Amino acid sequence: MTLLQQKRYAELREDLPECLCCRILPGWLPLGMQMERKILLDLISAEMPFGKYKGRKLIDLPEFYLVWFSKEGFPKGKLGEQLALVHEIKLNGLEYLFAPLRKGRK
């Protein structure tokens, strides 16, 4: 975690209630999302089911691909929600938050 990220995390933690989401993925709640552990773990293991990046983990998709989906429209259902979530995470520079979850899934 960079110094800037550590500073941002410390500032955000002051305003956050202690909850499971905060312990799993620090700094997440300020995005306006209250996520359950299962959603995060599903996101970590989810793979792209079609297209050029078939079989690749959603969190490893290139940002330009996610931007394209955001302009053209995400697929309906769970996949679309997951792609939109990954897009939001990458858009806000929060990819580093996946590191602790990646380690636990290998």
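The values are calculated or read from the model by the stated rules, or taken from the named source; none is laboratory data. Because the structure is predicted, anything quoted here is derived from the model rather than measured. Positions of Cβ are generated from backbone atoms using ideal geometry, with glycine treated the same way; all protein chains shown enter the neighbour counts.
Name every residue in the range 86-98 that is farther than 17 Å from Asp42 by Cβ and part of a helix (DSSP H, G or I), in order of residue number. Don't jump to the end; show me each part of the working.
First pass over the range 86-98, keeping only residues farther than 17 Å from Asp42 by Cβ: 90-96.
If the condition is that a residue be farther than 17 Å from Asp42 by Cβ and part of a helix (DSSP H, G or I), then Lys90, Leu91, Glu95, Tyr96 are the ones that fit.
Quick check: is even one residue across the range 62-85 within 15 Å of Ile44 (Cβ to Cβ), touching a Leu at 6+ places or on another chain (Cβ under 6 Å), in contact (Cβ under 8 Å) with a residue 24 or more places away in the chain and among the hydrophobic types (A, V, I, L, M, F, W, C)? Within the range 62-85 (the criterion being within 15 Å of Ile44 (Cβ to Cβ), touching a Leu at 6+ places or on another chain (Cβ under 6 Å), in contact (Cβ under 8 Å) with a residue 24 or more places away in the chain and among the hydrophobic types (A, V, I, L, M, F, W, C)), the answer is no, since none of the residues qualifies. Selection of first residues in the range 39-57 that are closer than 16 Å to Ala84 by Cβ and in contact (Cβ under 8 Å) with a residue 24 or more places away in the chain and of second residues that are in a loop (DSSP other than H, G, I, E, B) and basic (Lys, Arg), restricted to Cβ pairs under 6 Å at least 6 apart or on distinct chains, gives an empty result. Do you know which residues across the range 40-88 are in contact with a strand residue (DSSP E or B) (Cβ under 7 Å, 6 or more places away or on another chain) and at positive phi? Passing the criteria: only Gly55.
Checked against (1) at pLDDT 90 or above; (2) surrounded by 14 or more Cβ atoms within 10 Å (Cβ to Cβ), Gly80 passes all but condition (2).
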